[in-house]
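Visitor: The structure is given below, and queries will be raised subsequently.
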Amino acid sequence: MTQRILYARLPCNPIFPIGVVYLADHVGKLFPDAEQKIFDFGTVPPLNFGSALDKCIDEFKPTLIVFSWRDIQIYAPVGGRGGNPLQNAFEFYYAKNPAIRLRGALGGLKVAAAYYGELWRNQRLIKRGLKRAQKYHKNVRLVVGGGAVSVFYEQLKTQLPKGTIVSVGEGETLLEKLLRGQDISGERCYVVGETQPRDRMIHEWPTPIEKAACNYDYIQTIWPEFDYYLQENDFYIGVQTKRGCPHNCCYCVYTVVEGKQVRINPADEVVKEMRQLYDRGIRNFWFTDAQFIPAKKYIDDAIELLQKIVDSGMTDIHWAAYIRADNLTPKLCDLMVKTGMNYFEIGITSGSQELVRKMRMGYNLRTVLQNCRDLKAAGFNDFVSVNYSFNVIDETYDTIRQTIAYHRELEKIFGVDRVEPAIFFIGLQPHTHLEEYAFKKNILKPGYDPMSLMPWTAKKLLWNPEPLGSFFGEVCLQAWQQNPNDFGREVMKILEERLGVADLEEALTAPIAAEKKELVAAS
Ligand code: B12
Ligand code: SF4
């Protein structure tokens, strides 16, 4: 029987559904006879979710449904579902004024209702899709994967229908084996009600695949709504140039989801893929890699790719990515500017070398500064977002003063308006070193529910421990009150007013004693 594979990307802010596009492309290349269709809830109005899914299934009658679930946990200081989750949580936990506390509680309720509403809605959509498809094919199979599933695969085992295959990380080889009728027990997956997720399954390495350019002529034939993403010109369309990150940053789960082994997609194939999008009018690209330049030894790969983009004549494009700015060279900076990089995010987390080391981030902050100067000298005049997460581990007033000094130096390099301090608090994620640390410190107990948004759990997962937790709570509340539209800069300003600023040299120097890392002891 011809396989009929339906890829359903569950509701999500309209971020280009690159995950299902790549899966469908991979399967289409290997099984040219398979019938495939992409259905993206991101392009459907919420009131029509159920009926649109029914209609799609009635028309397509799938034998295999691939549900892709991108995000679940959101603790960013940005307007999200039902409000700004960070602000609501902080108002509830830290406000002294009872009226603001109440507002925080109500706001928190709204966020929690939206969060649980979406969680349950997605589970309902999965069940509904399965049931509907069973009307046409009794043995239809259901596979669920994607970013959110990779992080919360253990929790989902009680929430999905029996027989669902739950997949961690990339899904290409799993789908390939399923379609060939091969044994899938070696893949990073389990079957609800039949097998258990293996202990530390997420730490298993993905099977390397050689990635060729996605064939968008084909994708367009199986995805009627593709045009949606072509019409608006502010979308940054995802293009992956590599997979994997070799680092060990204590709070990060990318390095286990994608694996530590970096696998480079051939530059010619990446350019070929971009060209197809370019010819369809796309000018903005997001290199969706965990890190665009994960380590020094990948600098040459980045140079090769960017040079090939220059050679391709796509001169009016823009691109953005997560960049480890410790891995730049003047040549790379020059190519970044030439190829239209107009936004990047650096996740240094702290401006204190001592803390950066304790968090196992492997950054040399002095090198980052020098490289930023090179980038500026190469003509970069666009936007940088610097992600700071205060109070991850061993934060003190001194390290805060160092972070301010560091940020002020970045402002001198790029200009105050061009460098945005993005103040995050870490949302603690399972399978990270920080989780182990929280167990060791008795902040969390094994068996806690990382998907819970109940206030007592959320307070621990939204990582902001005492003794400095209340201080940061107060500072953030003041910043929202004074200047909600420029939250990050306001936080920096208030911190500087209250604590002063360190000498830059102090920020860049980590005393040797600090190397006795608590996190090392925790693992
Ligand atoms: C790049 C990226 C971004 C970029 C996206 C740019 C763009 N235009 O595409 C930016 C910076 C904008 C971004 C924003 C956010 N992101 Co983000 N992002 C990523 C990142 C690093 C890569 C995602 C990606 O596109 N990968 C490449 C594609 C090809 O892979 P993929 O989509 O995951 O698909 C593969 C597999 O997942 C699998 N797969 C997918 N579906 C299915 C289905 C089945 C059945 C199977 C078998 C397999 C499978 O196969 C695919 C191909 O190999 C991931 C972390 C990571 N390393 O995965 C986080 C990640 C997806 N983001 C996440 C979040 C939360 C967000 C935000 C909500 C953060 C925030 N608080 O604001 C925002 C908003 C997103 C939105 N919907 O509005 C979370 C989601 C999980 C969660 N915690 O709930 C992740 C996993 C990071 C994390 N660990 O927290 N993000
Ligand atoms: S934070 Fe960035 S550099 Fe660190 S492990 Fe995660 S992806 Fe890699």
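Visitor: So how many Lys-Lys pairs in region 374-473 land under 16 Å Cα to Cα, not counting same-chain pairs under 8 apart?
Guide: Value for region 374-473: 6.
Visitor: With +1 on the Cβ of every Lys and Arg and -1 on the Cβ of every Asp and Glu, and nothing else charged, how large is the dipole of the chain about its Cα centre, in debye rounded to the nearest 20? Don't skip to the answer; put the middle values down first.
Guide: Details: 63 positive and 63 negative charges, 335 e Å.
Value, rounded to 20: 1600 debye.
Visitor: If you count, for each residue, the other Cβ atoms within 10 Å and average over each peptide, how do 250-257, 55-62, 13-20 line up from highest to lowest?
Guide: Numbers: 250-257: 21.8, 55-62: 17.1, 13-20: 19.5.
So the peptides 250-257, 55-62, 13-20, ranked by packing, come out 250-257, 13-20, 55-62.
Visitor: Mean shadow of region 225-300, computed from the convex hull of its alpha carbons, in nm²?
Guide: Seen from a random direction, the Cα hull of region 225-300 projects 6.2 nm² on average.
Visitor: Against the globular-protein guess of 2.2 N^0.38 Å, express the Cα radius of gyration of region 107-259 as a ratio, rounded to two decimals.
Guide: Working it through for region 107-259, the quotient is 1.19.
Visitor: Based only on the alpha carbon positions, what is the Kirkwood hydrodynamic radius of region 15-128, in angstrom?
Guide: Taking the inverse mean of 1/r over all distinct Cα pairs, region 15-128 comes out at 16.8 Å.
Visitor: Shifting gears a bit: Compactness ratio of region 243-392: Cα Rg over 2.2 N^0.38 Å, N = residue count?
Guide: This ratio for region 243-392 stands at 1.04.
Visitor: Could you compute how fast region 1-57 diffuses translationally, taking Rh as the Kirkwood radius over C-alpha pairs and applying Stokes-Einstein at 4 °C with viscosity 1.567 mPa s? Give it in µm² per second. The partial results should precede the final answer.
Guide: Numbers: Rh = 12.2 Å.
Rounded, D is 106 µm²/s.
Visitor: Please list, ordered by chain and number, the residues whose modelled amide H lies under 5 Å from the amide H of ASN284; skip anything fewer than 5 residues away on the same chain.
Guide: HN-HN under 5 Å from ASN284: ILE237, HIS318.
Visitor: Continuing with this model, one more query. Per residue, how much accessible surface does region 184-268 expose to a 1.4 Å probe? Answer in Å², no decimals.
Guide: For region 184-268, the solvent-accessible area averages 47 Å² per residue.
Visitor: Here's something else I'd like to know. If you roll a 1.4 angstrom probe over the protein chains with everything in place, what fraction of the accessible area of region 353-432 belongs to carbon and sulfur, to the nearest %?
Guide: Carbon plus sulfur share of accessible area: 45 percent.
Visitor: Related question: So which lysines can LYS138 reach, going by Cα to Cα under 25 Å and dropping same-chain residues fewer than 8 places off?
Guide: Answer for LYS138, where 25 Å is the Cα cut-off: LYS37, LYS55, LYS61, LYS127, LYS157, LYS162, LYS177, listed by chain and number.
Visitor: Among PHE287, TYR7, GLY313, whose Cα sits farthest toward the positive end of the charge dipole of the chain (+1 at Cβ of Lys/Arg, -1 at Cβ of Asp/Glu, about the Cα centre)?
Guide: TYR7
Visitor: When you take every Cα atom in region 320-418, what is the radius of gyration, and what is Dmax, the widest Cα pair distance, in Å?
Guide: For region 320-418, the Cα-based Rg and Dmax read 13.3, 41 Å.
Visitor: Just to be sure I understand: of the beta bridges DSSP finds with both ends in the chain, what percent are antiparallel, rounded to 5?
Guide: Counting only bridges with both partners in the chain, antiparallel ones make up about 15 percent.
Visitor: With every protein chain kept in the model, how would you rank LYS211, LYS296 by accessible area, 1.4 Å probe, largest at the top?
Guide: The ranking, largest first, comes out as LYS296, LYS211.
Visitor: Which sequence of GLU35, GLU345 reflects their accessible areas, 1.4 Å probe, from the largest down?
Guide: Of GLU35, GLU345, the descending order of accessible area is GLU35, GLU345.
Visitor: Still on this structure, I have one more. Per residue, how big is the convex hull of the chain when only Cα atoms are used? Give it in Å³.
Guide: Cα convex hull per residue, to the nearest whole number: 143 Å³.
Visitor: With just the Cα atoms defining each centre, how far is region 275-352 from region 85-103? Give it in Å.
Guide: If you average the Cα positions of each part, the centres end up 40 Å apart.
Visitor: Place the peptides 369-378, 157-166 in order of packing, highest mean first, counting for every residue the other Cβ atoms within 10 Å and averaging per peptide.
Guide: 369-378, 157-166
Visitor: Using alpha carbons only, how many angstrom separate the centre of region 121-195 from the centre of region 1-68?
Guide: 14 Å
Visitor: Can you list residues from other chains, or at least 5 along the same chain, whose modelled amide H is less than 5 Å from the amide H of THR509?
Guide: GLN353
The values are calculated or read from the model by the stated rules, or taken from the named source; none is laboratory data. Everything quoted here is computed from the prediction, not taken from an experiment. Here Cβ is always computed from backbone atoms with ideal geometry, including for glycine, and neighbour counts include all displayed protein chains. Keep in mind that these areas ignore ligands, DNA and RNA; they rest on the heavy atoms of the full protein, side chains included. Shrake-Rupley method; radii C 1.70, N 1.55, O 1.52, S 1.80 Å.
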